[in-house]
1. Would you list the strands (runs of 3 or more DSSP E) that sit entirely within the range 8-125 and hold 1 or more residues that are under 15 Å from Leu140 (Cβ atoms) and within 18 Å of the chain's Cα centre (by Cα)?
2. Tell me whether the range 159-169 contains one or more residues that are modelled with pLDDT of 95 or more, under 20 Å from the mean Cα position of the chain (by Cα), surrounded by 18 or more Cβ atoms within 10 Å (Cβ to Cβ) and among the hydroxyl-bearing types (Ser, Thr, Tyr).
3. I'd like to verify a number: residues in the range 55-102 that are aliphatic (A, V, I, L, M), more than 13 Å from the ligand (Cβ to nearest atom) and surrounded by fewer than 16 Cβ atoms within 10 Å (Cβ to Cβ), how many?
4. Being aliphatic (A, V, I, L, M) and surrounded by fewer than 20 Cβ atoms within 10 Å (Cβ to Cβ) is the filter here; which residues of the range 110-129 pass it?
5. Restrict the check to the range 168-189 and report whether at least one residue is small (Gly, Ala, Ser), without any contact (Cβ under 8 Å) to a residue 12 or more places away in the chain and within 25 Å of Ser87 (Cα to Cα).
Amino acid sequence: MPGGSGFWAERVLITAASAAICPAGLDPVQAGALPVAGLTAYQSLEALGLSRGQRLLITNGGGATGVLALQIAAARGIEVTVTASASAAERLRGLGALEVVDYHDSDWAGRVRGGFDGALIAAGGTAQAALSLVRDGGRLVSLTSDAPTGERGITSTDLYVRPDAAQLAHLAEAVVEGKLKQNVEALPLSEGPAAFAQVSAGQAGGKKLVLVLT
Ligand SMILES: NC(=O)c1ccc[n+]([C@@H]2O[C@H](COP(=O)([O-])OP(=O)(O)OC[C@H]3O[C@@H](n4cnc5c(N)ncnc54)[C@H](OP(=O)(O)O)[C@@H]3O)[C@@H](O)[C@H]2O)c1
């Protein structure tokens, strides 16, 4: 942060409980991309509480968060259906999605077999349609602050990511081991304003943009 006399302070204070040591072999750009998307994905799956063989719907399964939730869920034997652009379908199947539904189809919800045990909402405006696809007594977790009122015994909640050093360390190891793949692009710090505009407009193509001091 800028100091009063025109120089930049070089120290940042952070709570130990919020940080993890970057493991050997983890590229700093990959590390920079991981905390928010990784912890959100991980904590969403904890909140959904699904087990092997159960079915999960992720709206925006190709976005920075959804693609990590997809991989963590698939590794646990959960059967994942995602909504995404058709152009992302092959990549997402390769990461474990059983089914990829094109969200540009206005009747995407009508093309999906319902009865999901859980739904993760990572695209605004999709929660209500997703709720109708969740089985009685299932769970819905929204990242977009629009969890609908529960019905048919469905638990429907908004989730907000929280720092967690142990979870972050676990996720970082998974990236090093190649069990979690992120779509990351490094950009020079000077491109920050343009990158911010791109992300704000939802045009980052599901990539995490990481600004690097050169
Ligand atoms: N509550 C929390 O703690 C928390 C934490 C992290 C993120 N979030 C929220 O979660 C949401 C997702 O964030 P993110 O960073 O994971 O996503 P992201 O990477 O920014 O997702 C961007 C992609 O979403 C796709 N998309 C747009 N509308 C869609 C729709 N209706 N259905 C399916 N896909 C759609 C687009 O794909 P195409 O380019 O192929 O069109 C776009 O590339 C955001 O609203 C974000 O604010 C919340």
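The values are calculated or read from the model by the stated rules, or taken from the named source; none is laboratory data. If you're wondering where the values come from, they're calculated on a predicted model, not measured in any experiment. Cβ: placed from backbone, ideal geometry, glycine included. Neighbour counts: every protein chain shown.
1. Those strands (runs of 3 or more DSSP E) span 55-59, 79-84, 116-121.
2. Looking for residues that are modelled with pLDDT of 95 or more, under 20 Å from the mean Cα position of the chain (by Cα), surrounded by 18 or more Cβ atoms within 10 Å (Cβ to Cβ) and among the hydroxyl-bearing types (Ser, Thr, Tyr), one finds none in the range 159-169, hence no.
3. Residues that pass the stated criteria total 2.
4. Of the residues in the range 110-129, the ones aliphatic (A, V, I, L, M) are 112, 119-123, 127, 129.
Within the range 110-129, Val112, Ala129 meet the criteria.
5. Within the range 168-189 (the criterion being small (Gly, Ala, Ser), without any contact (Cβ under 8 Å) to a residue 12 or more places away in the chain and within 25 Å of Ser87 (Cα to Cα)), the answer is yes, since at least one residue qualifies.
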